[in-house]
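First up is the structure itself, then whatever we jot down about it.
The values are calculated or read from the model by the stated rules, or taken from the named source; none is laboratory data. Small disclaimer: the values here were computed from a predicted structure and weren't measured. Heads up, the Cβs are rebuilt from the backbone with ideal geometry, glycines too, and the neighbour counts pull from every protein chain shown. Calculation scope for accessible area: heavy atoms of the full protein, side chains included, ligands and nucleic acids excluded. Shrake-Rupley method; radii C 1.70, N 1.55, O 1.52, S 1.80 Å.
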Amino acid sequence: GRYEEVEIDSGDEIEELADVYNAMMAKTHDYISGQERFVSDVSHELRTPLAVLDGHINLLRRWGKDDPEQLVDSLEAAHYEVQKMSAMIQDMLNMTRLKQTDDYKNKQTRVVDSVEDMVDNFRMIHQDFVIEFERHVDFEAHAQIYKNHYEQALTVLMDNAVKYSGDAEKYIKVTLTEDADNIITTVSDHGLGINADDLSHVFERFFRADKARNREIGGTGLGLSIISNIAELYHGQVDVTSKIGKGSAFVISIPKPNLTDELETL
Ligand code: ADP
């Protein structure tokens with residue numbers, strides 16, 4: 001590593017202190033390299049749309065005055081790239097803001113309410129979809145998560161189910177179940193599906209499966225990594241099963257509130 005470990009074998013408190021110091025330094029080092037990786041990923045991802053944008057600006061400079069078709073095409077393309085970058089920046093802000101306040105601590109969410117609201121919303125916006133809600137938990141069921149974060153995660157999953165539906169059946173099902181310790185939310189679709197090679201990468205930052213297919217479908221590759229950050233924040237889990245051409249099912253599992261804690265319901 002890039003930090004100096006302190007080596008002390010005195011067998012007393014000084015050695016213990018040195019161990020604590022080393023553990024702290026290792027953590028700090030991991031954190032800093034995580035941040036460096038983030039900055040370098042982000043720069044890389046923003047460079048691509050910027051390069052395309054620059055290309056179109058050059059075309060406009062050269063031909064824009066004389067060629068009305070080029071003018072329209074390049075302005076259209078430039079607008080698209082700018083929108084892409086702004087979606088990416090919005091997603092990154094959402095990601096870094098997750099932990100910036102203490103607002104999220106000790107909050108719980110009545111999950112049935114959230115899912116019902118979200119399903120109503122999506123039914124209104126996407127009237128060509130059949131959207132089902134299957135409830136296997138009590139109306140009062142709570143998960144220990146800040147409501148905004150839970151609904152943000154649901155939104156990403158349902159947006160994806162819409163986006164990646166292809167020409168297949170326009171169908172989304174949200175299922176709420178529970179085990180002894182967790183509230184389990186599943187969003188499944190009958191859409192394009194994800195192939196086995198890509199499946200293990202979908203939660204990675206900026207990863208987008210099937211480049212050719214995805215070119216026409218807008219996206220930043222950040223939605224699912226935001227979900228996995230949210231799950232991690234609440235000591236929960238995310239998972240996916242999918243079959244190409246058949247559909248996908250995304251599962252978020254969030255702990256139930258600890259009954260001995262005093263919690264504030266939003
Ligand atoms: P984005 O949708 O912005 O590309 P995400 O992080 O939300 O980014 O998803 C990563 C990738 O996982 C997507 O590009 C897509 O290839 C795949 N994916 C996510 N959800 C689904 C889904 N419901 N059906 C098929 N593919 C999906």
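Inside region 216-246, residues that are closer than 13 Å to Lys163 by Cβ and loosely packed, with under 15 Cβ neighbours inside 10 Å make up a count of 3. Within region 114-125, identify whether any single residue is away from the ligand (no atom under 12 Å from the Cβ), in a loop (DSSP other than H, G, I, E, B) and touching a Lys or Arg at 6+ places or on another chain (Cβ under 7 Å), and answer yes or no. No, that holds for no residue. Checked against (1) within 22 Å of Glu116 (Cα to Cα); (2) open to solvent by less than 30 Å² (accessible area, probe 1.4 Å); (3) near the ligand (Cβ under 9 Å from one of its atoms), Thr185 meets all criteria but (3). Taking the conditions (1) assigned to a loop (DSSP other than H, G, I, E, B); (2) more than 13 Å from the ligand (Cβ to nearest atom); (3) of a type outside the set (Val, Ile, Thr) in turn, Glu169 satisfies each one other than (2).
Condition check for Phe122 on (1) at pLDDT below 95; (2) over 17 Å from Ile254 (Cβ atoms); (3) crowded, with 20+ Cβ neighbours inside 10 Å: one failure, at (1).
Go through the residues of region 142-163 one by one and say whether even a single one is part of a loop (DSSP other than H, G, I, E, B), within 16 Å of the ligand (Cβ to nearest atom) and at pLDDT 95 or above. Looking for residues that are part of a loop (DSSP other than H, G, I, E, B), within 16 Å of the ligand (Cβ to nearest atom) and at pLDDT 95 or above, one finds none in region 142-163, hence no. Of the listed requirements (1) farther than 20 Å from Phe206 by Cα; (2) open to solvent by less than 80 Å² (accessible area, probe 1.4 Å), Gly34 misses just one: (1). Determine which member of the set Asp197, Asp179, Asp138 is modelled with pLDDT under 95 and open to solvent by 30 Å² or more (accessible area, probe 1.4 Å). Exactly one of Asp197, Asp179, Asp138 is modelled with pLDDT under 95 and open to solvent by 30 Å² or more (accessible area, probe 1.4 Å), namely Asp197. Evaluated against (1) within 9 Å of the ligand (Cβ to nearest atom); (2) of a type in the set (Gly, Ala, Ser); (3) under 15 Å from the mean Cα position of the chain (by Cα), Gly193 falls short on exactly one condition, (3). Scanning region 206-222 for residues that are within 8 Å of the ligand (Cβ to nearest atom), in a loop (DSSP other than H, G, I, E, B) and among the charged types (D, E, K, R) turns up Arg208, Asp210. None of Val115, Val130, Val162 is open to solvent by 70 Å² or more (accessible area, probe 1.4 Å), in contact with a Phe, Trp or Tyr (Cβ under 9 Å, 6 or more places away or on another chain) and of a type in the set (A, V, I, L, M, F, W, C) except Val130. Selection of region 207-237 for residues being in contact (Cβ under 8 Å) with a residue 24 or more places away in the chain and in contact with a His (Cβ under 8 Å, 6 or more places away or on another chain) yields Ile230, Leu233, Tyr234. For region 59-80, a residue qualifies if it is farther than 19 Å from Pro49 by Cα and either of a type in the set (D, E, K, R) or loosely packed, with under 12 Cβ neighbours inside 10 Å (or both), and the qualifying residues are Arg62, Lys65, Asp66, Asp67, Pro68, Glu69. Note on region 103-112: residues that are of a type outside the set (S, T, N, Q), assigned to a loop (DSSP other than H, G, I, E, B) and open to solvent by 40 Å² or more (accessible area, probe 1.4 Å) amount to 2. Whenever a residue of region 246-262 is over 11 Å from Ala231 (Cα atoms), its partners that are modelled with pLDDT under 80, lying with C-beta atoms within less than 7 angstrom and at least six residues away or across chains, give the pairs Pro257/Leu263. Looking at region 123-141, which of its residues are among the β-branched types (Val, Ile, Thr) and within 23 Å of the chain's Cα centre (by Cα)? Scanning region 123-141 gives Ile125, Ile131. For region 12-23, which positions are open to solvent by less than 70 Å² (accessible area, probe 1.4 Å) and over 23 Å from Ser33 (Cα atoms)? Those that are open to solvent by less than 70 Å² (accessible area, probe 1.4 Å) and over 23 Å from Ser33 (Cα atoms): Asp12, Glu15.
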